[in-house]
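Below is one structure, written out as C-alpha cells; comments come after it.
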C-alpha cells in the first residue's frame, strides 16, 4: 500500500478533468487508450481519491438498462467507464464522436500488463471472485511470473446482500490486506451490485470490475484470438465456445439494447455532450 505520508493531500479531481468523457443517451463513456488507462489506474492518489473501473460493452450497456444499481454505479462521477467492446466504437462514431480502435481497451489486452506494472511499482493487488480452483491457479501463475508482486485473493461465492455477514467478512479480508488495487471477478451484474453497495467500506483506492479477466489469465477460459477482438468478432468466438450460455447475450440482447437506446433517444432528444481532453 502506498505510504500516505508520501502523497500530497488534495481534493480528488473529476475524471472528466483529465480524461475524455462522452455523455450520450443517458450513458457515460471514457474512450481512453491502453496507456492512458494504465496511467490512470496507477496514478498516485491522495486520501479519499478513489476510482471504480467499469466497462461498456454491449452486454454491459444492456445490463445498465435493466439493473438500476449497475446503472447508478456507471453514472457515478468516480467511475471510469472504458470502451470494453469493439461494437461500442461504431455506436459512438454514429453519434458523432471520433472514437477509434485505439480506444477499445478490453481487459484481455491490458490485464497482464497491469499485474506486471504493479510488480514494478510495488503496488499490491487483491482478487475477489471466481471459483477456488480459478483463484488458486491464477494466483500461482501470477506469483510465478512476477515473484515480487504482492497479490492475494478470495473466492466470490458469498452473500452480497446489504447486511450480509459473509459480505462483511469478505470486506474485512480485503481491508486487512490493504490492496492498492482490488479486482472483482463475480460476473455482471453481481460484481457491480457488490461494488455499488459496499465500495464506501472497501479500503482500496481502485476497484476494478474485471468479470472473467482473471479466469482467462488462469487458463480456465479459452482466449479468443486477439485479431478477432480488433475487428469486432470476439463475440463470435465466445458464442461458438459456449453457445448455450451465451446465445441470449449475443443473439437477443443487441436487439433489446437497440430498443432501449432508441426509446432513450426519443425521450432525451439532443442529449449528448463531451468534456475533457479528446485523444
| What is the residue count in the stretch 17-37 for residues that are within 18 Å of the chain's Cα centre (by Cα) and buried (at least 18 other Cβ atoms within 10 Å of the Cβ)? | 12
| What number of residues in the stretch 148-170 are over 22 Å from residue 52 (Cβ atoms) and without any contact (Cβ under 8 Å) to a residue 12 or more places away in the chain? | 1
| task | Please state which one of 46, 96, 54, 85 is under 26 Å from residue 203 (Cβ atoms) and modelled with pLDDT under 95. | result | 46
| message | Among the residues that make up the stretch 139-149, is at least one of them in contact with a helix residue (DSSP H, G or I) (Cβ under 7 Å, 6 or more places away or on another chain), part of a helix (DSSP H, G or I) and under 26 Å from residue 42 (Cβ atoms)? | response | yes
| query | Condition test on residue 135, is it farther than 18 Å from residue 38 by Cβ, modelled with pLDDT of 95 or more and either buried (at least 21 other Cβ atoms within 10 Å of the Cβ) or touching a strand residue (DSSP E or B) at 6+ places or on another chain (Cβ under 7 Å) (or both)? | reply | yes
| note | Exception for residue 173 within (1) under 30 Å from residue 86 (Cβ atoms); (2) without any contact (Cβ under 8 Å) to a residue 60 or more places away in the chain; (3) touching a strand residue (DSSP E or B) at 6+ places or on another chain (Cβ under 6 Å); (4) not in a strand (DSSP E or B) falls at (1)
| task | Only helices (runs of 4 or more DSSP H) wholly contained in the stretch 207-279 count here; list those with 3 or more residues that are under 18 Å from residue 37 (Cβ atoms) and in contact with a helix residue (DSSP H, G or I) (Cβ under 6 Å, 6 or more places away or on another chain). | result | 213-218
| query | Taking interchain pairs and intrachain pairs at least six residues apart, which have beta carbon atoms under 6 angstrom, with the first residue in the stretch 221-232 and more than 8 Å from residue 108 (Cβ to Cβ) and the second assigned to a loop (DSSP other than H, G, I, E, B)? | reply | 221/212; 232/86; 232/87
| said: Can you pull out every residue in the stretch 181-204 that is in contact with a helix residue (DSSP H, G or I) (Cβ under 7 Å, 6 or more places away or on another chain) and outside any helix (DSSP H, G or I)? | reply: 181, 182, 183, 184, 185, 186, 188, 189, 202, 203, 204
| field | Test: residue in the stretch 50-73 that is within 12 Å of the chain's Cα centre (by Cα) and more than 26 Å from residue 13 (Cβ to Cβ) | value | yes
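The values are calculated or read from the model by the stated rules, or taken from the named source; none is laboratory data. As the structure is a prediction and not an experimental result, all values here were calculated from the model. Positions of Cβ are backbone-derived with ideal geometry, glycine not excepted, and every protein chain shown enters the neighbour counts.
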